[in-house]
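Reading through the structure tokens given below for one structure.
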């Protein structure tokens, strides 16, 4: 039996940080960063988006949607407030960054936050569709779903994936149109060797904000999943430095 990821909630000090994972990812994307923040006395919540981490990638398409994930984001903020946390920051990796950005727009009481390798301003190429299908095949192999059964499932994913990616794109475009609604400090991280989205994405986003509002970081030699790859130590240090400035 493969153990499925569960949401992370590490309760420590009075300052709380929400970490939102990537498309087809899970709270595991955020575990290393969450533990580092916890060790510095931050309370950390890393939810799992609806449809993710179930063992069947089709659930992302069946159950998930930008509407559902936006609700998940709002629920995470509400959960912390119900527990008495007033000082809250929110960050997201890739897809999660779209929802972290939308949260900063919609909720001026959030202290700040930002994006990690997130295509809020989308131009150029994306390898998300191919990557999603490869992830799905790997998941099915782990679950011993092979041969014709796997082929049928993958064909279903290929038939339905584009509609969801189009919906995500629309959500990103709407979010990008209203970046001027965000008044809090914004952190932006981007790997220079990102193979998933255009590595200029972080700079495009940074250029959309007033320069005195952003804390922008590029990581040489680093790919897409900055929370676990060669840049993760540097990223953790940079996020901690940013948190010291907003709380």
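Values computed for the structure shown
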quantity: Total residues in the range 191-243, condition over 21 Å from residue 46 (Cβ atoms), in a helix (DSSP H, G or I) and without any contact (Cβ under 8 Å) to a residue 40 or more places away in the chain; calculated: 6
quantity: Filter result for residue 51 (assigned to a loop (DSSP other than H, G, I, E, B), free of Cβ contacts under 8 Å to residues at least 40 places away in the same chain, surrounded by fewer than 19 Cβ atoms within 10 Å (Cβ to Cβ) and on the phi > 0 side of the Ramachandran plot); calculated: no
quantity: Any hit, the range 94-116, residues being more than 21 Å from residue 207 (Cβ to Cβ), surrounded by fewer than 13 Cβ atoms within 10 Å (Cβ to Cβ) and touching a residue at least 40 places away in the same chain (Cβ under 8 Å); calculated: yes
quantity: Counted residues, the range 1-27 - those being over 22 Å from residue 165 (Cα atoms) and outside any loop (DSSP other than H, G, I, E, B); calculated: 7
quantity: Among (1) crowded, with 17+ Cβ neighbours inside 10 Å; (2) under 15 Å from the mean Cα position of the chain (by Cα), the one test that residue 140 misses; calculated: (2)
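Listed here are the residues, each with its yes/no results for (1) closer than 20 Å to residue 111 by Cα; (2) surrounded by fewer than 24 Cβ atoms within 10 Å (Cβ to Cβ); (3) at pLDDT 95 or above; (4) touching a helix residue (DSSP H, G or I) at 6+ places or on another chain (Cβ under 7 Å).
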position	(1), (2), (3), (4)
9	yes, yes, yes, no
14	yes, yes, yes, no
41	yes, yes, yes, no
60	no, no, yes, no
79	yes, yes, yes, no
89	yes, no, yes, yes
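The values are calculated or read from the model by the stated rules, or taken from the named source; none is laboratory data. Not measured: the values here are computed from a predicted model. Neighbour counts run over all protein chains shown; Cβ positions are idealised from the backbone, glycine included.
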